[in-house]
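Taking it in order: structure first as structure tokens, then the write-up.
The values are calculated or read from the model by the stated rules, or taken from the named source; none is laboratory data. Owing to the predicted nature of the structure, the values given are computational and were not obtained by experimental measurement. Heads up: the accessible areas ignore ligands, DNA and RNA and are worked out on the full protein's heavy atoms, side chains in. Shrake-Rupley method; radii C 1.70, N 1.55, O 1.52, S 1.80 Å.
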Amino acid sequence: MAKVGVFFGTDTGNTRRIAKDITTALGSAIAAKPVNIRNAAVADLQAYDTLILGTPTYGEGQLPGLSTGNATASWEEFLPTLAGQDFSGKKVAIYGLGNQKSYPVEFVDAMFYLYEQFKQCGATLIGAWETEGYNFKNSKAVVDDRFVGLVLDQENQKELTPERLDTWLKMLAKAWD
């Protein structure tokens, strides 16, 4: 069985494409096939010692879900199912997509909600990312002067994604080896 579970929420498919890039880069011996969170249960996530979770940020800092106009359920509906769950001993890395030009005040805020919920469940959060190289005013996803995970802006900095993703995955590999 693969060591790393990759789960994502999406409506447009951008976060799914990054999830596929992650699993391709890591290879099938390390990463399982990515799963849309709308098709997952808590037990699916608990089956792995390490998780990579992806989310876009919608509107004014929201998780993807039915209230944001998504066609299907997503993180907004899934996160409440984690209440009271035990993720102690699990490592969780988060990546998020956002648009720093259109939403500079709530840039990648949705990442924080995943971070906060998994931290409350006892998980060890890995993969914090530098804020340098981004132009934004505020983000809930900045904790201790770093993003809680990898931040990708596919609208304004798409050309930086491959290098950022490669650097982040190498950093994560040290944490789960």
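Overview of results
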read-out	value
Principal axis dimensions, segment 34-107 - Cα atoms, whole angstrom, descending	37, 24, 23
Largest to smallest accessible area among Met111, Met171 [probe 1.4 Å]	Met171, Met111
Candidate lysines - alpha carbon under 19 Å from Lys174, same-chain residues fewer than 8 apart omitted	Lys3, Lys90, Lys91
Where Glu130, Glu163 fall by accessible area, highest first, once all protein chains stay in place (1.4 Å)	Glu163, Glu130
The chain - percent of accessible surface contributed by carbon and sulfur, probe 1.4 Å	48
Estimated translational D of the chain in µm²/s (Stokes, Kirkwood radius over Cα pairs; 4 °C; 1.567 mPa s)	82
Sequence of Leu150, Leu160 from largest to smallest accessible area, 1.4 Å probe	Leu160, Leu150
Cα gyration tensor shape for segment 83-177, rounded if a/c is under 1.5, else prolate or oblate	oblate
Residues of type lysines that Lys101 reaches as a straight line, Cα spacing below 25 Å, ignoring anything fewer than 8 places off in the same chain	Lys137, Lys140, Lys158
Share antiparallel - DSSP beta bridges, the chain, percent rounded to 5	15
Accessible area per residue in Å² at 1.4 Å probe, computed on segment 87-177	49
